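Here is the structure we will look at, set down as structure tokens.
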Amino acid sequence: MFNRIPQRGYTMVEIIVVLAILGLLVSLSSTVFVSLRNDQALRVATEDIFLTLRTARTLTLAAKNDTAYGVAIDADKVTRFDGTTYTAGLSTNVEYPFPDGVTAVATLSNGGSTTIFARLTGEASATGTVMLTSSHTGATSSVTIGDTGILTVER
């Protein structure tokens with residue numbers, strides 16, 4: 001009689017099943033991570049606008065450099081500037097570009113896209129809403145500038 005030595009190892013079917021399951025898990029997790037990244041991009045852009053506006057107001061109230069500060073909102077970035085007039089490209093401007101796929105539209109009371117904070121009171125020269133949209137997900141958020149310069153965020 002022959003004694004059979006037990007075979008150890010995996011069959012081709014078992015290997016294919018395991019690889020299929022791994023492929024499915026990788027594809028599901030990658031779509032979740034892409035979705036999370038797109039949501040995070042909108043949050044980052046919203047925070048950039050909020051913090052830039054708040055910083056400009058705070059610097060104005062603190063009378064830093066004995067000047068007022070303002071914020072200019074473009075479709076792809078937000079810029080804090082010194083003084084009462086925005087001039088693009090100045091070395092004193094502080095720009096915060098938005099992540100890819102996020103755009104902003106400012107609807108302000110002065111019809112423009114800039115607001116300047118008043119010294120002593122912190123009131124905004126232009127009030128209104130900045131609407132942000134993610135082109136990847138269609139999600140929106142907004143930052144509202146109130147009469148007294150107080151900011152609110154809606155996500």
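Filter the range 26-79 down to the residues that are hydroxyl-bearing (S, T, Y) and open to solvent by 40 Å² or more (accessible area, probe 1.4 Å) and list them by number.
Listed by number, the residues that qualify are S27, S29, S30, T31, S35, T55, T58.
On the basis of being closer than 30 Å to N110 by Cβ, in contact with a helix residue (DSSP H, G or I) (Cβ under 8 Å, 6 or more places away or on another chain) and open to solvent by 50 Å² or more (accessible area, probe 1.4 Å), does D82 make the cut?
Criteria met by D82.
State all residues of the range 33-50 that are among the hydrophobic types (A, V, I, L, M, F, W, C) and farther than 13 Å from E154 by Cβ; if no residue qualifies, say none.
F33, V34, L36, A41, V44, A45
Filter the range 1-20 down to residues that are assigned to a helix (DSSP H, G or I) and either among the aromatic types (F, W, Y) or touching a helix residue (DSSP H, G or I) at 6+ places or on another chain (Cβ under 6 Å) (or both), then give me how many there are.
0
Given the criteria surrounded by fewer than 16 Cβ atoms within 10 Å (Cβ to Cβ) and either out of contact with any Gly (no Cβ under 8 Å at 6 or more places or on another chain) or within 15 Å of I49 (Cβ to Cβ) (or both), does A88 qualify?
Judged against the criteria, A88 is a match.
Give the residues of the range 102-146 that are out of contact with any helix residue (DSSP H, G or I) (no Cβ under 6 Å at 6 or more places or on another chain), open to solvent by less than 40 Å² (accessible area, probe 1.4 Å) and within 16 Å of A41 (Cβ to Cβ), sorted by residue number.
A104, S142
Condition check: assigned to a loop (DSSP other than H, G, I, E, B) and free of Cβ contacts under 8 Å to residues at least 24 places away in the same chain. Does G23 satisfy that?
no
Which of the following residues is touching a residue at least 12 places away in the same chain (Cβ under 8 Å) and in contact with a Leu (Cβ under 7 Å, 6 or more places away or on another chain): A72, A104?
A104
For the range 4-11, check the following and say yes or no: at least one residue is open to solvent by 50 Å² or more (accessible area, probe 1.4 Å), among the aliphatic types (A, V, I, L, M) and free of Cβ contacts under 8 Å to residues at least 60 places away in the same chain.
Here is the first cut: in the range 4-11, the ones open to solvent by 50 Å² or more (accessible area, probe 1.4 Å) are 4-11.
In the following step, the residues that additionally are among the aliphatic types (A, V, I, L, M) were identified as 5.
With free of Cβ contacts under 8 Å to residues at least 60 places away in the same chain added as a condition, the list becomes 5.
Looking through the range 4-11, at least one residue is open to solvent by 50 Å² or more (accessible area, probe 1.4 Å), among the aliphatic types (A, V, I, L, M) and free of Cβ contacts under 8 Å to residues at least 60 places away in the same chain.
The values are calculated or read from the model by the stated rules, or taken from the named source; none is laboratory data. All values derive from a computational prediction rather than experimental measurement. With ideal geometry, Cβ positions are generated from the backbone for all residues, glycine too; neighbour counts draw on all protein chains shown. These area figures cover heavy atoms from the full protein model, side chains too; ligands, DNA and RNA do not enter into them. Shrake-Rupley method; radii C 1.70, N 1.55, O 1.52, S 1.80 Å.
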